[in-house]
Amino acid sequence: MGAGSPLPVSFYDRDPREVAVDLLGCILVHDTPEGRASGYIVETEAYRPEDPACHAYKGPTMRNRTIFGAPGLAYVYPSYGTHRLINVVCEAEGVGSAVLIRALRPREGQELMAGRRGRTKDLCTGPGRLTQALGITLDHDGHCLAEPPVSILWEEPPDEEIVSTTRIGISRGTELPWRYLLHGDPDVSVRPRGLADRGLRRSAWRP
């Protein structure tokens, strides 16, 4: 497997904090009859079962059952009744951990994205925006991201510096520095006020 190939399920069978870093620079793709829309992942957040902000914290329910599924599944859920957020399930089945994909740098299908978003700027600068731009819906909940039509493709490590900071948009676990991004990238959802760590590197995982 080389650059441009879908990441295998084994890639996700790890601690989500490692996966969140290794996903930066990889490509989220959705192929539809209207065409392909894709973007480089520039921002992620990790969630683990002992984390009070994680949907798995209080155990499985009908609404969160996908996060307890096999690694590599898309966990898509509604937020504030209007947005759809996409996560990738990590670790072994039954654990309950995931990585939220927070922002993309558009790569392919920008006209298609703009039509879906009704605008030409800020196409993927947030988790709800990127799912709208790529046409990802609740129907994709439980889909294996190692397979089309929604998949994540391997890319070599990005040139930009990888940094960590605290997560946003949550009310609990706000002190945990489990938000990862490409420092200075204009497509991140919110610029960090402070950094927990700098110069992070992808793990030794290779395709």
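Rule-based calculations on the coordinates, nothing more; no lab input. Everything numeric here is computed off the predicted structure, so don't read it as measured data. Neighbour counts run over all protein chains shown; Cβ positions are idealised from the backbone, glycine included.
Karplus-based coupling profile of segment 64-77, in residue order and whole Hz: 10, 4, 5, 5, 8, x, 6, x, x, 6, 7, 9, 10, 9, with θ = phi - 60° in 6.51 cos²θ - 1.76 cosθ + 1.60 and x standing for Gly or Pro. Backbone geometry of segment 104-115 corresponds, through the Karplus equation with coefficients 6.51, -1.76 and 1.60 at θ = phi - 60°, to 3J(HN,Hα) couplings of 10, 9, x, 10, 10, x, 5, 5, 5, 4, 4, x Hz, x marking Gly and Pro. With neighbours defined as other Cβ atoms within 10 Å of a residue's Cβ, the residues ASP141, ASP22 order from fewest to most as ASP141, ASP22.
Sorting HIS183, HIS143 by the number of Cβ atoms found within 10 Å of their own Cβ, with the fewest placed first, yields HIS183, HIS143. Remark: segment 169-174, residue by residue, has Karplus-estimated 3J(HN,Hα) of x, 10, 10, 10, x, 6 Hz, where x stands for each Gly or Pro and the curve is 6.51 cos²θ - 1.76 cosθ + 1.60 at θ = phi - 60°. Adding -39500 (n - 2.57) for every DSSP H run of four residues or longer, then dividing by how many residues the chain holds, sets the calculated 222 nm ellipticity at -3000 deg cm²/dmol. Restricting the trypsin sites (Lys or Arg not before Pro) of segment 122-207 to loop positions (DSSP other than H, G, I, E, B) with no more than 13 neighbouring Cβ atoms within 10 Å leaves ARG172, ARG193, ARG201. Annotation note: GluC sites (Glu not before Pro) in segment 1-85 located in DSSP loop regions with a Cβ neighbour count of at most 14 within 10 Å are GLU34, GLU50.
When TYR47, TYR40, TYR77 are arranged by Cβ crowding within 10 Å, least crowded first, meaning fewest neighbours, the order is TYR77, TYR40, TYR47.
Sorted into 5 angstrom bins from 0, the C-alpha pair distances of segment 9-200 split as 1, 9, 18, 22, 22, 16, 9, 3, 0 percent.
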